[in-house]
Amino acid sequence: LKRVFKNEIAVKDSVDLATEEIRKYFTVIETSVEDDTDIGFFGDVVGKCPLCGADVKRGKFWYGCVGYKQGCTFKIGTYICKRAISASNVRLLLETGRTSKIRGFTSQKGKMFDGYLKIEGDRAVFDFNDPPVS
């Protein structure tokens, strides 16, 4: 507006600049599954336990089997190596045994890395092998 006042630009140009700035902040950025960080809400059912078949729900720190009172120990952290594990990736893990490639894990030494998660026993472990091309 100062530039309009000083006759450096026209009012229409000022409106166009403001419109472009606003558009930058309200444009929907599409994310792929591997960039997804939506961990859902407490109590959301994300799938069936691969060990006992009971529901797996989102808890405070884990996605865990509701059969824990009967002795089931299956659980997956909502954050692994400083990276949120999305509810959609946990669903994929429970359905297929493997997540999509997850980007942005951070090692204890601070190094960034990408990888998959797969089910091994009662927990999720890293899998760094790319799927075969068909």
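Per 5 Å bin, what percent of the C-alpha pairs of the chain does each bin hold, from zero upward?
The calculated distribution, bin by bin, is 2, 10, 16, 16, 13, 9, 7, 5, 5, 5, 5, 4, 2, 1, 0, 0.
Report, to the nearest 10°, how far helix 11-26 tilts away from the longest principal axis of the Cα atoms in the chain, using its own Cα long axis and a range of 0 to 90°.
For helix 11-26, the angle is close to 10 degrees.
Output ³J(HN,Hα) for region 53-59: one whole-Hz value per residue in order, computed from phi by the Karplus curve 6.51 cos²θ - 1.76 cosθ + 1.60 with θ = phi - 60°, and x for Gly and Pro.
x, 6, 5, 10, 10, 7, x
In whole percent, and with a 1.4 Å probe on the protein chains, what portion of the accessible area of the chain is carbon and sulfur?
Exposed carbon and sulfur together represent 56 percent of the surface.
Can you list residues whose amide H is under 5 Å from Ala54's amide H, if they're 5+ apart or on another chain and H is modeled 1.01 Å from N?
It is Cys49, by chain and number.
Could you compute the FRET efficiency for Phe41 and Asp122, with r as their C-beta to C-beta distance and R0 at 22 Å, rounded to 0.05?
0.35
Non-local amide H neighbours of Gly59 (under 5 Å, H modeled in plane, Pro and chain starts lacking H): which ones?
Gly43, Gly64
With a 1.4 Å probe and every protein chain left in place, work out the accessible area per residue of the chain in Å², rounded to a whole number.
72
For Gly97, what charge total do you get from the other residues with a beta carbon under 10 Å from its beta carbon, if Lys and Arg give +1 and Asp and Glu give -1?
Residues near Gly97 contribute -1 overall.
Angle between the Cα long axis of helix 87-96 and the longest principal axis of the chain, 0 to 90 degrees, nearest 10?
40
Students often check this: by mean Cβ neighbours within 10 Å, which of 66-73, 81-88 ranks highest, and how do the rest follow?
Peptide ranking by packing, descending: 81-88, 66-73.
For the pair Thr96/Ala10, report the inter-label distance in nm, with labels modelled 7 Å from Cα in the Cβ direction.
Taking the two extended label points, one gets 5.3 nm.
The values are calculated or read from the model by the stated rules, or taken from the named source; none is laboratory data. It should be emphasised that the depicted structure is a prediction, and the values quoted were computed from it without experimental measurement. Every residue, glycine among them, receives a Cβ derived from its backbone with ideal geometry; neighbour counts consider all protein chains shown. Surface accessibility is based on the protein's heavy atoms, side chains included, excluding ligands, DNA and RNA. Shrake-Rupley method; radii C 1.70, N 1.55, O 1.52, S 1.80 Å.
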